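Participant: To start, I am sharing the structure in question, which I have written as structure tokens.
What follows draws every value from the coordinates through simple rules; no lab data is involved. Predicted model, so just to flag it, every value in this text is computed and none were measured. For neighbour counting, all protein chains shown are included, and Cβ atoms are generated from backbone atoms with ideal geometry for every residue, glycine included.
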Amino acid sequence: MVENNLAVHTEDVMRIYKLRGPKRKEDPREIIALDEVSLDIRRGELFGLLGPNGAGKTTLIKILATLLLPTSGTAYVNGKNVATEMREIRHEISMVSGGETSGYGLLTVEENLWMFARFYGLESKAARLRIDHLLEVVGIADRKRTKISDLSTGLRQKMNFVRGFISDPKIVFLDEPTLGLDVSAAREVRAFIMNWMGDHPESTILLTTHYMAEADELCDRLAIIDKGKLLAVDSPRNLKHRLNQDVVFQLTVEPLGPRPSREEMIESIPGVRQVTVTEVAEGTVLQLILQADEILSDVLAHLTRRGSSLIALEKREATLEDVFIDLVGRGLDVDTSHTAEDRDE
Amino acid sequence: MLLVNRILDISFIRRNHAMRSFITAAWLGWQIESNWADPFLFAVYSIARPIASVMILVVMYSVITDSATEEPIFAYIYLGNALYILVGMIITGVSWAVIDDREHYRTNKQLHTIPMSHFMYLMGRGVARLIIGTISVLITIGFGMLFFKIPITFQLVDWPLLLVSTGLGILALAGLGMIMGSLTMMLARHFWSIGEAVAGALYLFTGAIFPLDVLPSWIRWVGYGIPVTYWLEVARRALLGPDAIGFPTLARFSNLEIIWILGGFSVVLLVLSYFFYRWSLHTAKEKGLIDLESSY
């Protein structure tokens, strides 16, 4: 029995994809996209799924939006089973994906939205009023009669937002809603989400993102997901609080000798909790989570011994990305799809 | 859009998933199918193309029979071909809509998360092709009457028989089209052509270009198992009257008997297509193929 106040409830949800190679005789490779995911999202929450590309965020949203069946486990949306009560669920949800170039390009913005309003069963007058209002809110009312094919990515995304909210859904799934948008369009989208939640306190939004700042800014609670597994679920504040006893440094070095090694630093310098090493144009950037300030001198000595010279050093507050690094040992910008999830590797 | 708005505002239709999905999809299908940048191209597609294809057969027939177009068999062949335009249009219509939404417009993610009947949506998407196909059939028949003296006399046409048989034929074809469309949902490749392949394969066995009885008896049974055979036969009888009787295809059956058989086929195919569609949709969701883009 699913609790009444839960918008989403999943129990040990697994999703395995079978990928065939070019040769039909070969056994298909199994890729675990979701690995026993159990999650509760309360009604009225703006809940985030934070993880790198290929972590399983979209797969989970697809299952909850009734686009995909779980391989095993059960998932409920507003108390309804995603495998057996699809139509009932669809009355209460909507889904908007970022970076989409989809849409019937030959229709105008108004025609496209009218069509979806009609599929939802809205009366023509109510549909028109709602379309006009939402177009006004997202600032594209003047594009009502523009063909979708003539819209820029940002404007198309805003139109998709209107489509997603036209039915006054109880639960909205936003899959990377700001993907591909410029800074100001992304800001407007985030503002729209916040305002909508303010106006609809009973509604729930599940948002996936790999932008930590976005998750930090928008979400009441969030889950960190990697390689199909949920690693932590809490509020952004509490998640960052996990690193409260630690200190976070960012070092930029020029490695004259061998490139700094993450494993070597963790093993040879006591008090180094996590390190990520990223190559940039200026040199090599090290993100360090240390147990205390004093350990930095050991790190610098180690780097000097290895022939690296320091270019820049910054001590900063822990971010969600640091939490992620702390949990998995690498940054959010690493695409993990089709790599370590492969069961047969 | 105004007319569609009025229809959709009727309370019964608005509250009925299936009806509103069908009507809205039919509107969308028409927007897509008729949205040619150039009306000339649209005319070429819906007028010149069917006439050109039927002319190929006319020329072949003329060469073989030394232009005996006044023979009743010519009208039989000509009408069979004209009516067959609908077969291809309807059978490929649904598969085309599946591929169009999934690969071209990439709207499947949106369409499969809204509370509509996707089965009726796909049927509705096929309506535009049915309309364009019907226009092509009428133009082709009119062309034949004008230039090849196809002996159709409006006063002698059995209109009720023509309408009932065509209605049932369209339902049977819609069922076949839906089965092809459902198959397309489960296939990762650009497989809309499966409908065309099936329509092409049926061409030889349905009595479209020659009476079924000229085929070896064991192949004839393929034709007896296809509803198109019965529709073409009874539609020709309705249009040509006594002239159609001279050919042995299904000669032992009365018009009413053929209508019953055609009706049976329509019901069976529609029911079968519904269950096959549900199974295909489930399989596509299991395999994660609903919003797959094969980038063809």
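Participant: If I take every Cα pair under 8 Å that is 6 or more residues apart in the stretch A:245-317, average their sequence separation and divide by the length, what percent do I get for the relative contact order?
Facilitator: Relative contact order, the stretch A:245-317: 49 percent.
Participant: I would also like to ask the following. What FRET efficiency comes out for the pair A:Asp220/A:Glu263, r = Cβ-Cβ distance, R0 = 30 Å, nearest 0.05?
Facilitator: Calculated value: 0.25.
Participant: Another question, then. Per the Kirkwood formula on distinct C-alpha pairs, the Rh of the stretch B:1-134 is how many angstrom?
Facilitator: Mean inverse Cα-Cα distance, inverted, gives 17.2 Å.
Participant: To continue, here is another question. Please compute the volume of the convex hull spanned by the alpha-carbon atoms of the protein assembly as shown and report it per residue in Å³.
Facilitator: Roughly 204 Å³ of hull volume per residue.
Participant: A follow-up question, please. Consider just the alpha-carbon atoms of the stretch A:110-232 and return their Rg together with their Dmax, both in angstrom.
Facilitator: Rg and Dmax of the stretch A:110-232, Cα atoms, are 15.4, 47 Å.
Participant: Membrane-span-like helices in chain B: DSSP H runs reaching 27 Å or more (Cα, own axis), mean Kyte hydropathy at least 1.6?
Facilitator: Span-like helices, by this rule, are B:72-99, B:159-186.
Participant: Could I ask something else about it? With the cut-off at 1.5 for a/c, could you classify chain B from its C-alpha gyration tensor as rounded, prolate or oblate?
Facilitator: prolate
Participant: Another question about this same structure. Tell me the angle of helix A:153-165 to the major Cα principal axis of chain A, expressed in degrees between 0 and 90 and rounded to the nearest ten.
Facilitator: The helix A:153-165 is inclined about 60 degrees to chain A.
Participant: Compute the longest continuous run of chain B that contains no exposed GluC sites (Glu not before Pro); treat a site as exposed when its DSSP state is not H, G, I, E or B and it has at most 16 other Cβ atoms within 10 Å.
Facilitator: It runs B:71-292.
Participant: Which whole-number percent gives the relative contact order of the stretch B:12-287, counting Cα pairs below 8 Å spaced six or more residues apart?
Facilitator: Relative contact order comes out at 26 percent.
Participant: For the stretch A:1-111, what does the relative contact order come out to in percent, with C-alpha contacts under 8 Å and a separation of six or more?
Facilitator: After rounding, I find 29 percent.
Participant: Quick check on the protein assembly as shown: of the DSSP beta bridges with both residues there, what percent are antiparallel, nearest 5%?
Facilitator: Restricted to the protein assembly as shown, the bridges split so that about 70 percent are antiparallel.
Participant: I'd like the Kirkwood hydrodynamic radius of the stretch A:261-336, using the inverse of the mean 1/r over distinct C-alpha pairs, in Å.
Facilitator: 13.1
Participant: Moving on. Report, to the nearest 10°, how far helix A:183-199 tilts away from the longest principal axis of the Cα atoms in chain A, using its own Cα long axis and a range of 0 to 90°.
Facilitator: Computed tilt is about 60 degrees.
Participant: Mind checking Rg over Rh on the stretch A:46-196, alpha carbons, Kirkwood formula for Rh?
Facilitator: Here Rg/Rh amounts to 0.97.
Participant: Let me have the 222 nm mean residue ellipticity of chain B computed from DSSP H runs of 4+ only, each contributing -39500 (n - 2.57), with the sum over all residues rounded to the nearest 500.
Facilitator: Computed mean residue ellipticity for chain B: -23500 deg cm²/dmol.
Participant: If the viscosity is 1.567 mPa s and the temperature 4 °C, what Stokes-Einstein diffusion coefficient in µm²/s follows for chain A when Rh is the Kirkwood radius over Cα pairs?
Facilitator: 58
Participant: Return the distance in nm (one decimal) between the two label points of a simple spin-label model at B:Asn35 and B:Ser62, each offset 7 Å from Cα along Cα→Cβ.
Facilitator: 4.0
Participant: Of all DSSP beta bridges located in the stretch A:6-240, what percent are antiparallel, nearest 5?
Facilitator: Once the DSSP bridges in the stretch A:6-240 are tallied, antiparallel ones form about 55 percent.
Participant: Given Cβ point charges of +1 (Lys, Arg) and -1 (Asp, Glu) and nothing else, what value in debye, to the nearest 20, does the dipole of the stretch A:6-240 about its Cα centre take?
Facilitator: Around 740 debye, computed over the stretch A:6-240.
Participant: Here is a further query. Once you have the alpha carbon radius of gyration of the stretch A:221-308, what is it after dividing by 2.2 N^0.38 Å, with N set to its residue count?
Facilitator: 1.24
Participant: Just in the stretch B:94-185: which trypsin sites (Lys or Arg not before Pro) are loop by DSSP and have at most 12 other Cβ atoms within 10 Å?
Facilitator: Hits after loop and neighbour filter: B:Lys149.
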